[in-house]
Amino acid sequence: ALITLRQLLDHAAEHGYGVPAFNINNMEQGLAIMNAARAVEAPVILQASRGARSYAGDIMLRHMVQALSEMYPDIPICLHQDHGNNEATCLTAIRHGFTSVMMDGSLEADMKTPASYDYNVDITRRVTEAAHWVGASVEGELGVLGSLETGEAGAEDGSGAVGKLTHDQLLTDPDQAVDFVLKTKCDALAIACGTSHGAYKFTRKPTGDILAMSTIEAIHRKLPDTHLVMHGSSSVPQALQDLINANGGEMPQTYGVPVEEIERGIRMGVRKVNIDTDCRMAMTGQFRKVATGNPQEFDPRKFLIPAMKEMETLVADRFERFGTAGHA
Ligand code: G3H
Ligand code: 13P
Ligand code: NA
Ligand code: ZN
């Protein structure tokens, strides 16, 4: 059945686990996530970006998720809008059956310009009020996602934020977070702690100076009842980088968020953990392997079946390590 983010994260907080939020764009990603969820009995968050909505179409996404909930009747599903940029994106998502939306007011509606605090409070408050009228949940974001090493938003950041960002912008201020949640009444709060979108997050295995888990700890201390969200939480596994590069890929060496740091975050109040890049790499690794190892192959299913399997393995691992397993 479909449930809201609030229902799911309240349960997660009560039982001390985290929930990975995986991005979906197509049937194969949906099946991979749901197969893993059934295998380990985990509730799921399926999230669709604006890009996913235009790729698959709102009607396709709605019916696909409806189909998944019929096929996997024992698995609770939250369908969430990832990085909504304005009121229209969030409200049309709800009309299309999403039970939760992210109103990302950390950037202006163009998703390129860091927004003022007042803009963020105002738009998040208005979206939360409207969403709550119809029983949907809202995730807000305070602080801009980007690298503490370079001051830049991630290379593949959908936002395309331009210009150098200061440490002040890249790390959520705990006192401001308290004020933001009070004023907006959002159900969950995405924070900035040095992670960024895409594969190129860190030039080395991150330490506390570039992955500020202490920021999360400080926010949780002041906001113990708010569900915290970590974006840019792919781990960019070395094995997947190697699989891609062994089969004709050219990904420069890079580092993601170690799973053990996310486990630490979950102990400090992180309840939703956004992961897209790792799933993309899992599928693409197998696409490349099939293409390289069986150059005579042209049946898409022969590419997609191992790709789904690789993604399913990754997803099941995150359910286990975040403590989501067993809570469906
Ligand atoms: O926030 C970024 C997510 O990975 C979604 O990416 O906008 O390319 O679908 P996308
Ligand atoms: P990754 O690029 O690290 O997978 O982050 C995804 C994300 O934050 C989607 O909102
Ligand atoms: Na989101
Ligand atoms: Zn994100």
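Please treat every number below as a calculation from the coordinates, not as lab data. What you are looking at is a predicted structure, and each value in this text was computed from that prediction instead of being measured. Here the Cβ positions follow ideal geometry from the backbone for every residue, glycine too, while neighbour counts run over all protein chains shown.
Using DSSP to call loops (not H, G, I, E or B), can you name the trypsin sites (Lys or Arg not before Pro) in segment 22-126 whose Cβ has at most 15 other Cβ atoms within 10 angstrom?
Answer in residue order: Lys112.
Taking +1 at the Cβ of each Lys and Arg and -1 at the Cβ of each Asp and Glu, which of Val181, Gly256, Gln241 sits farthest along the dipole of the chain towards its positive end, judged by Cα position relative to the Cα centre?
Going by the Cα projections, it comes out as Gln241.
Lys/Arg Cβ at +1, Asp/Glu Cβ at -1, dipole of the chain taken about the Cα centre: which of Tyr119, Ala325, Cys90 is farthest positive-ward?
After comparing all options, I get Ala325.
Using 1/(1 + (r/R0)^6) with R0 = 41 angstrom and r between the beta carbons of Lys164 and Arg126, what's the FRET efficiency to the nearest 0.05?
Once the sixth-power term is evaluated, E becomes 0.85.
Going by a ≥ b ≥ c, the root eigenvalues of the Cα gyration tensor, does segment 84-204 fall in the rounded group (a/c under 1.5), the prolate group (a/b larger than b/c) or the oblate group?
Here segment 84-204 falls in the prolate category.
Enter the per residue convex hull volume of the chain, computed from alpha-carbon coordinates, in Å³ rounded to the nearest integer.
118 Å³
Got a sec to turn the phi values of segment 266-271 into Karplus ³J(HN,Hα) couplings, 6.51 cos²θ - 1.76 cosθ + 1.60 with θ = phi - 60°, whole Hz, x for Gly and Pro?
For segment 266-271, the Karplus-derived couplings read 4, 5, 9, x, 6, 10 Hz, x marking Gly and Pro.
By a straight-distance test (C-alpha under 30 Å), which lysines pair with Lys201 as possible cross-link partners, with residues fewer than eight away in the same chain excluded?
Here the lysines satisfying the reach criterion relative to Lys201 are Lys112, Lys164, Lys222, Lys272, Lys289, Lys309.
Among His167, Thr128, Asn23, whose Cα lies farthest out toward the positive end of the dipole of the chain, if unit charges sit on the beta carbon of Lys, Arg (+1) and Asp, Glu (-1)?
The residue sitting farthest along the positive end of the dipole is Asn23.
Once amide H atoms are built 1.01 Å from N in the peptide plane, which residues 5 or more positions from His227, or in another chain, come under 5 Å H to H?
Answer set, sorted by chain and number: Leu189.
Please list, in order along segment 83-98, the HN-Hα scalar couplings obtained from phi with the Karplus expression 6.51 cos²θ - 1.76 cosθ + 1.60 (θ = phi - 60°), rounded to whole Hz, x for Gly and Pro.
6, x, 9, 7, 4, 5, 4, 5, 6, 5, 4, 4, 4, 8, x, 5
For Lys302, go through the aspartates and glutamates and keep the ones whose alpha-carbon is under 19 Å away, minus same-chain ones fewer than eight residues off.
Straight-line reach from Lys302, under 19 Å: Glu28, Glu310, Glu312.
Hey, could you get me the Stokes-Einstein D for segment 53-151, Kirkwood radius over alpha-carbon pairs, 25 °C and 0.890 mPa s, rounded to whole µm² s⁻¹?
In µm²/s, the coefficient is 169.
Beta carbons within 10 angstrom, averaged per residue: use that to sort the peptides 130-137, 199-206, 26-33, 41-48, highest first.
Numbers: 130-137: 17.0, 199-206: 18.8, 26-33: 21.5, 41-48: 24.6.
Per-residue Cβ counts within 10 Å, averaged per peptide and sorted highest first, yield 41-48, 26-33, 199-206, 130-137.
Search the structure for amide H atoms under 5 Å from the amide H of Phe202, placed 1.01 Å from N in the peptide plane, and list their residues when 5 or more places away or on another chain.
Under 5 Å from the amide H of Phe202 lie the amide H atoms of Tyr255, each far enough along the sequence or on another chain.
Give me the dipole magnitude in Debye, nearest 20, for the chain about the Cα centre, with unit charges on the beta carbon: positive for Lys and Arg, negative for Asp and Glu.
Its charge dipole is roughly 400 debye.
In percent, what relative contact order does segment 191-325 have, based on Cα pairs under 8 Å that are 6 or more apart in sequence?
Relative contact order here is 27 percent.
Can you tell me the FRET efficiency between Ala67 and Lys185 if r is taken as the Cβ-Cβ distance and R0 is 45 Å, rounded to the nearest 0.05?
Here the calculated transfer efficiency is 0.85.
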